[in-house]
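The values are calculated or read from the model by the stated rules, or taken from the named source; none is laboratory data. It should be emphasised that the depicted structure is a prediction, and the values quoted were computed from it without experimental measurement. As a convention, Cβ positions derive from the backbone with ideal geometry for all residues, glycine included, and neighbour counts pool all protein chains shown. Accessible surface is based on the protein model in full, side chains and every heavy atom, while ligands, DNA and RNA are left aside. Shrake-Rupley method; radii C 1.70, N 1.55, O 1.52, S 1.80 Å.
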Amino acid sequence: MPHAENTFINRDIVRVAPELVKQAAQFQAAILADVAGRRGTLHGRVKPIASTMKVAGPAITVEVRPGDNLAIHAALAIAQPGDVIVVDGKGDISCALIGEIMSTQAEASGIAGIIIDGAVRDADALSANGFPVFAAGLNPCGPTKSVAGRVNYPVSVAGAAIQPGDLVIGDIDGVVILPREEIPALLELAQKKLDFETGRIAAIRDGDLRAPWLEKALLTAGMLTDGETL
């Protein structure tokens, strides 16, 4: 089937620029989630297989039927080095969608990581290897490879809307997706927030324990009355 007629696999996407990926990778997912308006985070069920795993890169989006990984194999075949495979597995953990073989293939292909709202297996090997894999759970049952899915189309993964080429950032706290066109502005905000938080932590350690905004927030919420202080 000619590429132009293929409604299952989209090979032509615009990716977030590599230099922006490198800059974004310096920030915690939490910092980026905050400056993005506390939007774009995947449900907390999607976690790294090992706590030290971190990932950053443009999204290759995949939609599969629960328990079938055929479309993931297609994504691995067309992904470019630095890409992150992001799979809408519907939150199903009745069968693993990848294991050691596919993660080894992904790493050897230069892919930056795999994120699945679904189950994986071979957890010991995945943890020991260190290649970033995030998943909603574990299951020893293997997948089928017979149901058509889609690659590089808009998806909703664990509550987050994702466009192909969007920026994916994951660490021990979880995963956040940042819209590709908003990355430069968000990185500026992230640096400002990081500078502020670094200063606040230093101030706490120097004895300035109370958050400077607390009493105003309590007054606004009705927990304090005018003139009342803690």
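Computed over protein heavy atoms with a 1.4 Å probe, the accessible surface of the chain works out to 52 Å² per residue. Hey, what's the Kirkwood Rh for the range 1-60 if you take every pair of different alpha carbons, in angstrom? So the Kirkwood estimate lands at 14.4 Å. Straight-line reach from K22: taking Cα to Cα under 23 Å and skipping same-chain neighbours fewer than 8 places apart, the lysines in range are K47, K54, K192, K193. Set against the 2.2 N^0.38 Å expectation for a compact globular protein, the range 165-230 has a Cα radius of gyration ratio of 1.62. The shape of the range 60-118 can be summarised by an equivalent ellipsoid whose semi-axes, obtained from the alpha carbon gyration tensor, come to 18, 11, 9 Å from longest to shortest. Residue-normalised convex hull volume from the C-alpha trace of the range 83-157: 89 Å³ per residue.
Among bridges DSSP assigns within the chain, what percent are antiparallel (round to 5)? Around 45 percent of the beta bridges assigned by DSSP in the chain are antiparallel ones.
Among all the aspartates and glutamates, which ones have a C-alpha under 13 Å from K145's C-alpha, if same-chain residues fewer than 8 places away are not counted? The qualifying aspartates and glutamates are D68.
Of all accessible surface on the chain at a 1.4 Å probe, what whole percent is carbon and sulfur?
That share works out to 54 percent.
Each peptide in 37-48, 114-125 receives the mean, over its residues, of other Cβ atoms within 10 Å, and ordering these scores from highest gives 114-125, 37-48. Using all pairs of distinct alpha-carbon atoms, the Kirkwood hydrodynamic radius of the chain works out to 18.9 angstrom. If you take all other residues with their beta carbon under 13 Å from the beta carbon of Q28, and give Lys and Arg +1 and Asp and Glu -1, the sum is -2. For the chain, the relative contact order works out to 28 percent when only alpha carbon pairs closer than 8 Å and six or more residues apart are counted.
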